[in-house]
Amino acid sequence: MPTIHLTTFVAAPVERVFDLARSIDLHKQSMTKHKEEAVAGVRFGLIEKDETVTWKARHLFKDRILKTRITEMKKPEMFTDEQAEGDFKLLKHEHHFKPCDNGTIMIDILNFESPYGAVGKGFNKVYLTRYMKKLIEERNLVIKKFAEGSDWKKLLER
């Protein structure tokens, strides 16, 4: 099973970074290239423990549906979202937030498993792991930009 581990420094308080990372509105903005939209469950604002969101997006030349549930949350230290329905055999994304002197260390640990046995494992090695890593890196840059700027207030004050 592939695991992606990313660390991102954000020059902003941990509470702000934590809330932006679970903002449905900011997630939509970070994935506009993929036409990602929340179509069911929590569709706006901040998602909480035991809540779900269903995303519709265009990935890998196909429209896809992914329903995730927040299975664990310790404010503002971490939260975990896991696939409830979708194309993966397994998808689990842990988000960790560590305060430091000048801001926050944001740590992503993504575990996923593709269906289709050996073919899926080969696809992971050849393409999907890089694709998923790039998606998280792009999303983290948007979180960083908002957290370090002044636009975060508009998202979190709704």
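For the stretch 15-28, check the following and say yes or no: at least one residue is in a strand (DSSP E or B) and either farther than 25 Å from Trp152 by Cβ or within 12 Å of the chain's Cα centre (by Cα) (or both). Yes, the stretch 15-28 contains a residue that is in a strand (DSSP E or B) and either farther than 25 Å from Trp152 by Cβ or within 12 Å of the chain's Cα centre (by Cα) (or both). Looking only at residues in the stretch 108-148 that are farther than 22 Å from Lys33 by Cβ and modelled with pLDDT of 95 or more, the one that is nearest to the chain's Cα centre (by Cα) is Ile109.
Identify, from the list Phe44, Phe18, the residue that is in contact (Cβ under 8 Å) with a residue 60 or more places away in the chain, closer than 21 Å to Ile143 by Cβ and surrounded by fewer than 19 Cβ atoms within 10 Å (Cβ to Cβ). Show your work before the answer.
Working: Phe18 fails: surrounded by fewer than 19 Cβ atoms within 10 Å (Cβ to Cβ).
When all the criteria are applied, what remains is Phe44.
The values are calculated or read from the model by the stated rules, or taken from the named source; none is laboratory data. Keep in mind it's a predicted model, so treat the numbers as computed, not measured. Cβ atoms come from the backbone with ideal geometry, glycine included; neighbour counts cover every protein chain shown.
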